[in-house]
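Below is one structure, written out as structure tokens, with a few remarks after it.
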Amino acid sequence: QVQLQESGPVLVKPSQTLSLTCTVSGAAITTNYYAWTWIRLSPGKGLEWMGVIASDDSTYYSPSLRSRTSISRDPSKNQFSLQLKSVTPEDTAVYYCAREGGTAGWGYFGAWGQGTQVTVSS
């Protein structure tokens, strides 16, 4: 039912800001009891939870990424976005957006986008 789709540039230069958008269909991102999450997969770190924007618009980030990460949402477009500042080649990864929560509670990721490969390179 719910579908998520990541979009944004596939190549980012070091020191720039990585910006991705997740477009959601089949469910409103303002729905109570759900939150909207960014996760990435890289050879060096594996699967890494980056952060989430909750139903009350509060945000939570991985401690290792908190200083560089910002998540926001645009209910009028049914989208939420990721900003990762000052990227390095170590930020090269497949980036996923996901829906968290629902009846299974926080920590359950019941819907995922297909992922988008982002390469940080000069």
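Of the solvent-accessible surface of the chain, computed with a 1.4 Å probe over protein heavy atoms with every protein chain present, carbon and sulfur atoms account for 50 percent.
Comparing mean-square fluctuations of L18, L84, L47 from a GNM of the chain with C-alpha springs under 10 Å, the top value falls on L47. Karplus-based coupling profile of the stretch 50-60, in residue order and whole Hz: 9, x, 8, 10, 8, 5, 8, 6, 6, 10, 9, with θ = phi - 60° in 6.51 cos²θ - 1.76 cosθ + 1.60 and x standing for Gly or Pro. Remark: relative contact order (the stretch 15-122) = 31 percent; criterion is Cα-Cα distance under 8 angstrom and separation of 6 or more residues. Surface analysis of the stretch 16-87 yields an accessible area of 48 Å² per residue, using protein heavy atoms and a 1.4 Å probe.
Determine by what factor the alpha-carbon radius of gyration of the chain differs from 2.2 N^0.38 Å, reporting the quotient. Scaled against compact globular proteins, the figure is 1.00. Between S42 and Q114, the modelled labels are 2.4 nm apart [label points 7 Å from Cα along Cα→Cβ].
Remark: the stretch 9-24, residue by residue, has Karplus-estimated 3J(HN,Hα) of x, 8, 10, 10, 7, x, 6, 7, 9, 7, 10, 10, 10, 10, 9, 10 Hz, where x stands for each Gly or Pro and the curve is 6.51 cos²θ - 1.76 cosθ + 1.60 at θ = phi - 60°. Each residue of the stretch 112-122 was assigned a 3J(HN,Hα) from its phi angle through the Karplus curve 6.51 cos²θ - 1.76 cosθ + 1.60 (θ = phi - 60°); the sequence is 10, x, 6, x, 9, 6, 10, 10, 9, 7, 8 Hz, with glycine and proline shown as x.
The values are calculated or read from the model by the stated rules, or taken from the named source; none is laboratory data. These numbers come from a predicted model, not from an experiment. With ideal geometry, Cβ positions are generated from the backbone for all residues, glycine too; neighbour counts draw on all protein chains shown. What goes into the accessible areas is simple: the full protein's heavy atoms, side chains included, and nothing from ligands, DNA or RNA. Shrake-Rupley method; radii C 1.70, N 1.55, O 1.52, S 1.80 Å.
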